Amino acid sequence: MSYAIGLVGKPSVGKSTFFNAATMNDVPEGAYPFTTIDPSVGEAYVRVECAAPEFDETCTPSVGYCDDGTRFVPVQLVDVAGLIPGAHEGKGLGNQFLSDLNEADVLVHVVDFSGKTDSEGEPTEGHDPRDDIDFLEDELDMWYLGILEKGIERFESKYHGADASIEADLAEQMSAFRTNEDEIKQTILSEGLDLDPATWDETDRESLAREIRKRTKPMVIAANKMDTPEAQANYDAITSDPEYEHLTVVPVSAHAEKALKSANEAGVVEYVPGAGDFEVVGDVSGEQAAGLEQIREFVTAFNGTGVQDAIETALFDELGTKAVFPGGADAMGDDQGRVMRDCWILPERATTKDLAYHLHSDIGDGLLHAMDCRSGRQIGTGHELDHRDVVELVTTS
Ligand SMILES: Nc1nc2c(ncn2[C@@H]2O[C@H](COP(=O)(O)OP(=O)(O)OP(=O)(O)O)[C@@H](O)[C@H]2O)c(=O)[nH]1
Ligand SMILES: [Mg+2]
């Protein structure tokens, strides 16, 4: 099972363009709201520096590919319908849409930084992207609040025996958000609240819902349409605004990524996704050459189109995952000579034992210890793995 990254945002911000650029799919894009209605899932990639060259080996990936020492590891990307104010009350595509978000482990909020679409995705001028950033957070918070309140009602309607606990009822009500009793309890306490909802007022419930949302829906902002001067001006203003300091904002041109990938497929340019430059290798007309030079100006200034960056920032920085390679303490290849076939993406604090169970419950059950293939040292089952570790699992079977 691979991680899923959800693209969210109001209509017409470029979610489908971003999706198509990252996955080379062909879902409809359009300058009108609700071009997309049903969510699409596609395969995108995250880059990981391959460990095989350190062992003088060439890897043979079973999924994804390796390009000049960079592994492209598959992840799922989900393109969902545009969200408009009032969605938590069923406006636009409403609650169905919000539930689609639960399929994602982490979100990329695509924002039209050019300010040329209003809050419902219709053409306008001078719209402040801050409004969109605020609105999406508020909308998610109100959705969470509604579900939180149902959990409180459920708790209050029950007989309060000695084992009644608000965190149990809330965790159950909010299970779709992949949270648990422990996390809920910690969040309640970190908000300075008692474990008794009768003592919470409206503001307490709101801040609790917001905090649970922040913990369960990590998010980065993709500042899209950065190929326009308006977007660049907004980007400078917002990234230096202290009120928005807490956000991670990645400058993006979904258009540029799509143009480069298409040109690469057509053999016109050589472009490695995520790279800060590209090479023209085919015949191009004067007009095409000028277009490509414009894109070059953008990608060299921003060190890439931002599409890869946004996906990787979401997965590795916001969600905190890490990539781990299989190896052998004596020889790198498996019994069929295949080298580092896998590159597993694991949760933040994953240990050797977690990796073993991730592979198969029998491997988890039979795990004795592991070997760190770089140092040749034995590591225990509770050892916390690092990003780009190369390990061999030693089991009873
Ligand atoms: N200048 C510029 N325009 C872009 C960029 N990305 C998307 N667009 C344009 O923005 C419009 C909307 O793009 P879509 O990808 O359909 O937007 P969406 O967010 O999927 O919209 P809905 O499906 O309606 O929610 C289209 O006209 C795109 O060509 C970009 O990086 N730069
Ligand atoms: Mg769309």
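I need the full set of residues from the stretch 233-276 which are of a type in the set (Phe, Trp, Tyr) and either within 20 Å of the chain's Cα centre (by Cα) or part of a loop (DSSP other than H, G, I, E, B) (or both), in order please. Reasoning before the result, please.
If we filter the stretch 233-276 for residues that are of a type in the set (Phe, Trp, Tyr), which is where we start, we get 235, 244, 271.
Once the filter is applied, which keeps residues that are of a type in the set (Phe, Trp, Tyr) and either within 20 Å of the chain's Cα centre (by Cα) or part of a loop (DSSP other than H, G, I, E, B) (or both), the stretch 233-276 yields 244, 271.
Within the stretch 255-274, is even one residue open to solvent by 30 Å² or more (accessible area, probe 1.4 Å), in contact with a strand residue (DSSP E or B) (Cβ under 7 Å, 6 or more places away or on another chain) and of a type in the set (Val, Ile, Thr)? Give the steps one after another, and end with the answer.
We begin by selecting, within the stretch 255-274, every residue open to solvent by 30 Å² or more (accessible area, probe 1.4 Å); these are 255, 258-259, 262, 264-267, 270, 272.
Those left that are additionally in contact with a strand residue (DSSP E or B) (Cβ under 7 Å, 6 or more places away or on another chain): 264, 270, 272.
Okay, now just the ones that are also of a type in the set (Val, Ile, Thr), so 272.
Within the stretch 255-274, one or more residues are open to solvent by 30 Å² or more (accessible area, probe 1.4 Å), in contact with a strand residue (DSSP E or B) (Cβ under 7 Å, 6 or more places away or on another chain) and of a type in the set (Val, Ile, Thr).
From the list 105, 169, 141, exactly one residue is farther than 30 Å from residue 199 by Cβ and surrounded by 14 or more Cβ atoms within 10 Å (Cβ to Cβ). Which is it?
105
Determine whether residue 210 is modelled with pLDDT under 95 and open to solvent by 40 Å² or more (accessible area, probe 1.4 Å). When the stated conditions are applied, residue 210 does not pass them.
Against the condition charged (D, E, K, R), part of a helix (DSSP H, G or I) and over 20 Å from the mean Cα position of the chain (by Cα), how does residue 100 come out, does it pass? Walk me through how you get there before you give the answer.
Working: charged (D, E, K, R): yes; part of a helix (DSSP H, G or I): yes; over 20 Å from the mean Cα position of the chain (by Cα): no.
Answer is no for this residue.
Residue-by-condition table, conditions (1) more than 30 Å from residue 111 (Cα to Cα); (2) in contact (Cβ under 8 Å) with a residue 12 or more places away in the chain; (3) part of a helix (DSSP H, G or I); (4) of a type in the set (S, T, N, Q):
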| position | (1), (2), (3), (4) |
| --- | --- |
| 131 | no, yes, yes, no |
| 134 | no, no, yes, no |
| 140 | no, yes, yes, no |
| 159 | yes, no, no, no |
| 171 | yes, yes, yes, no |
| 176 | no, yes, yes, no |
| 179 | no, yes, no, yes |
| 188 | yes, yes, yes, no |
| 204 | no, yes, yes, no |
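Picking from 216, 228, which residue would you name as being under 20 Å from residue 137 (Cβ atoms) and in contact with a Ser or Thr (Cβ under 8 Å, 6 or more places away or on another chain)?
Working: 228 fails: under 20 Å from residue 137 (Cβ atoms).
The conditions single out 216.
For the structure I just gave you, tell me whether residue 332 is open to solvent by 10 Å² or more (accessible area, probe 1.4 Å), hydrophobic (A, V, I, L, M, F, W, C) and under 24 Å from residue 52 (Cα atoms). Yes; evaluated as a whole, the condition is true for this residue.
The values are calculated or read from the model by the stated rules, or taken from the named source; none is laboratory data. Source: prediction; values computed, not measured. Don't worry about glycine lacking a Cβ; one is built from the backbone with ideal geometry, like all the others, and counts go over all protein chains shown. Only protein heavy atoms, including side chains, enter the accessible area calculation; ligands, DNA and RNA are left aside. Shrake-Rupley method; radii C 1.70, N 1.55, O 1.52, S 1.80 Å.
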